[in-house]
Amino acid sequence: MAKGLPYERLDQTDENGAPSDVRPSVVVVGNLDGIHRGHAAVLRAAVQRAAGDGLAPYVLTFDPHPSVVLGRPEPPRLATLARRAELAKSLGIERVFVRTFDGEFATWKPLRFAKELLVQKLSAHEVSVGQNFRFGAGAEGDFSKMVTLGESLGFVTTAHALVGDEHGPFSSSRARAAIAAGQMDEAERILGRPHALSGVVQQGRKLGRTIGFPTVNLGDVPEMLPPDGIYATLVEQVFDDDVRALALGAMSIGVRPTVGEGLERTVEVYLLDFDGDLYGAHLRVHVVARLRGEERFADLEALKAKIAEDVAETRRILAGRHF
């Protein structure tokens with residue numbers, strides 16, 4: 001991961017209103033929530049077209065999700081804004097631009113959206129959007145409107161090709177449904193990688209130490225959580241300028257019914273074959289498989305025996321897996 005933020009805010013531009021060093025470009029526009037396999041195909045195709053035409057491949061996305069401003073519930077998050085930008089760049093996108101979606105921006109007419117954002121700020125020669133993409137005040141603009149605007153403003157509009165399988169197109173909603181059901185293998189098939197959770201290690205109650213399985217507690221996880229239970233995971237530590245593989249992990253999500261009543265929901269990971277101080281560290285936990293649901297055991301000895309089984313199963317499932 002490049003040092004600093006992997007995206008650029010279009011709200012923070014030079015005195016001319018445009019980011020510095022913008023080149024004639026192919027711009028992929030969309031929320032791109034999660035960067036699933038369908039998104040990845042669109043981004044790779046845009047990178048190829050840009051290379052063939054001597055253009056720069058850019059992404060234009062929005063934050064927060066438009067639903068927040070339009071008064072609808074925000075969909076559960078598949079990836080943070082920074083993670084989406086990292087993933088886009090790993091596919092060859094040169095720069096990721098973010099326009100704040102606020103009340104004022106929601107009033108922009110389609111012409112202003114295309115002229116100011118795409119042409120003046122991003123020097124778009126080609127704009128790639130989904131067939132169902134809507135833009136402008138009241139969602140007035142659609143794909144055909146973008147085509148018409150492009151003809152007058154000097155850019156070509158292309159539609160995202162749908163990529164999917166026998167169950168239909170890959171989509172963020174399909175990925176969320178799989179995660180909500182604890183079907184982590186299906187989520188990985190849609191996303192093209194395991195669903196990942198991130199957070200900073202916080203002080204916990206240190207209950208795991210009392211039974212020989214000390215865990216790290218992740219605080220303020222922004223991504224969608226799968227159902228309470230036990231999961232086999234791959235754990236990385238994220239630094240300002242690097243990401244390093246850390247350990248295999250057996251993760252617990254839930255309220256720990258065996259050790260107390262009324263405990264708050266936590267995300268805890270037992271790191272296999274690791275001994276070190278991680279308080280304050282930023283971790284990324286790739287959720288590979290669900291082992292079982294959360295259970296209440298008769299006593300701590302029974303819980304300890306089950307955790308040992310979970311650790312053995314985690315080793316078996318993750319044997320040969322790479323980050």
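The values are calculated or read from the model by the stated rules, or taken from the named source; none is laboratory data. From a predicted model like this one, the values you see are computed outputs, not experimental measurements. Quick reminder, even Gly has a Cβ in these numbers, built from the backbone with ideal geometry, and neighbours come from all protein chains shown. These area figures cover heavy atoms from the full protein model, side chains too; ligands, DNA and RNA do not enter into them. Shrake-Rupley method; radii C 1.70, N 1.55, O 1.52, S 1.80 Å.
Among the candidates 150, 141, 199, 182, which residue alone is buried (at least 16 other Cβ atoms within 10 Å of the Cβ), modelled with pLDDT of 95 or more and over 26 Å from the mean Cα position of the chain (by Cα)?
150
So which pairs qualify, if the first residue must be in the stretch 37-48 and under 9 Å from residue 163 (Cα atoms), the second must be outside any helix (DSSP H, G or I) and of a type in the set (Val, Ile, Thr), the Cβ gap must be under 8 Å, and the two must be at least 6 apart or on different chains?
These pairs meet every condition: 37/163; 38/163; 41/163; 42/28; 42/163.
So the check is Cβ under 7 Å with 6+ separation or different chains; which pairs have a first residue in the stretch 165-183 that's more than 17 Å from residue 41 (Cα to Cα) and a second one that's among the β-branched types (Val, Ile, Thr)?
Correct list of pairs: 178/190.
Restricting to the stretch 66-102, and then to whatever is part of a loop (DSSP other than H, G, I, E, B), modelled with pLDDT of 90 or more and over 18 Å from residue 224 (Cβ atoms), can you tell me which residue is nearest to the chain's Cα centre (by Cα)?
Among residues in the stretch 66-102 that are part of a loop (DSSP other than H, G, I, E, B), modelled with pLDDT of 90 or more and over 18 Å from residue 224 (Cβ atoms), the one nearest to the chain's Cα centre (by Cα) is 91.
What is the residue count in the stretch 110-138 for residues that are at pLDDT below 95 and closer than 11 Å to residue 154 by Cβ?
0
Look through the stretch 243-254, keep the residues that are touching a residue at least 12 places away in the same chain (Cβ under 8 Å) and exposed (fewer than 15 other Cβ atoms within 10 Å of the Cβ), and return whichever of them is nearest to the chain's Cα centre (by Cα).
Filtering first and then ranking leaves 243.
Do the conditions hold for residue 191, that is, is it within 26 Å of residue 310 (Cα to Cα) and touching a residue at least 60 places away in the same chain (Cβ under 8 Å)?
Answer is yes for this residue.
When residues of the stretch 56-96 are filtered for being among the charged types (D, E, K, R), touching an Asp or Glu at 6+ places or on another chain (Cβ under 9 Å) and over 25 Å from residue 155 (Cα atoms), how many remain?
3
For the stretch 15-41, give me the residue count where each residue is of a type in the set (A, V, I, L, M) and either surrounded by fewer than 24 Cβ atoms within 10 Å (Cβ to Cβ) or assigned to a loop (DSSP other than H, G, I, E, B) (or both).
Number satisfying all stated conditions: 6.
What pairs come up if the first residue lies in the stretch 119-137 and is free of Cβ contacts under 8 Å to residues at least 60 places away in the same chain, the second is among the polar types (S, T, N, Q) and surrounded by fewer than 23 Cβ atoms within 10 Å (Cβ to Cβ), and their beta carbons are under 8 Å apart, counting only those six or more places apart or on different chains?
If the second residue must be among the polar types (S, T, N, Q) and surrounded by fewer than 23 Cβ atoms within 10 Å (Cβ to Cβ), the pairs left are 137/107.
Considering the stretch 108-138 alone, what residues qualify as being touching a strand residue (DSSP E or B) at 6+ places or on another chain (Cβ under 9 Å), open to solvent by 20 Å² or more (accessible area, probe 1.4 Å) and either in a strand (DSSP E or B) or of a type in the set (Lys, Arg) (or both)?
109, 121, 125, 134
Kindly provide the set of residues from the stretch 222-259 that are outside any strand (DSSP E or B), of a type outside the set (Asp, Glu) and more than 26 Å from residue 312 (Cβ to Cβ), ordered by number.
222, 224, 239
What's the number of the condition residue 306 fails, among (1) within 17 Å of residue 212 (Cβ to Cβ); (2) free of Cβ contacts under 8 Å to residues at least 12 places away in the same chain; (3) under 24 Å from the mean Cα position of the chain (by Cα)?
(3)
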